[in-house]
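Just below is one structure, and these are the notes that go with it.
The values are calculated or read from the model by the stated rules, or taken from the named source; none is laboratory data. All figures in this text were calculated on a predicted structure; none of them were measured in a lab. Here Cβ is always computed from backbone atoms with ideal geometry, including for glycine, and neighbour counts include all displayed protein chains. When the accessible area is computed, the model is the full protein with side chains, heavy atoms only, and any ligands, DNA or RNA have been set aside. Shrake-Rupley method; radii C 1.70, N 1.55, O 1.52, S 1.80 Å.
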Amino acid sequence: MNFSPAQPSGAARSALKALFRLVTGFLFACHGAASLFGVLGGAHGGGTVPAMQWPGWWAAAIELAGGVLVCLGLFTRGAAVVCSGSMAYAYFSVHQSHALFPIDNGGEPAVLFCWSFLLIACLGPGACAVDDLLKRRSLTASGGGGTAGDRRVRSTAAADEAVGAEGPAVGGR
């Protein structure tokens, strides 16, 4: 008997990654907008962070720009790495000195965003990413991918489907 849970198809996996990317990017951009513009309750319950102040203003700028880029799926992997790094910095420079565990030091959002963006950077943007649209457009403009380099460029959905419903073989299976 096979008791393993059913694996989603390549298209469903790509759609789930896209949904995760959209939600994570949108929430991160909301944090940046709150800190920079005082909307959505403002920074730390009201107001804005002072312009060009280190690290608060720069963190908010990364949150807004990185969140929008990740949400759109534009330069997704690079933007996700920068966002993940900024949250790791935030955790270790602000929260970790107060207590060892995130539950004790108020660092849960920083930790969750850090690992979520690292996951997005590793797995890719999923379906409906602007990056994929730009790749398809450049392939079409170059004549449909007649060279070996063009054939290596694949969309995220196509790569997911190539892995198959069981996922990649891990540990010699």
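Here are some notes:
- Here the calculated FRET efficiency for ALA6 and LEU119, from their Cβ-Cβ distance with R0 = 35 Å, stands at 0.95, rounded to the nearest 0.05.
- ARG137-TRP54 pseudo-label distance in nm [points 7 Å out on the Cα-to-Cβ vector]: 3.7
- Each Lys and Arg Cβ is given +1 and each Asp and Glu Cβ -1; about its Cα centre, the range 1-132 then shows a dipole of about 220 debye.
- Dividing the convex hull volume of the alpha-carbon atoms in the range 97-148 by its residue count gives 119 Å³ per residue.
- When Rg and the Kirkwood Rh are both derived from Cα coordinates, the Rg/Rh ratio for the range 1-96 amounts to 1.13.
- Peptides ranked, highest mean first, by Cβ atoms within 10 Å: ranges 125-131, 97-103: 125-131, 97-103
- Pairwise FRET efficiency - LEU74 versus SER97, Cβ, R0 = 45 Å, nearest 0.05: 0.80
- Entry comment: accessible area of the range 1-114 is 58 Å² per residue, from protein heavy atoms only and a probe of 1.4 Å.
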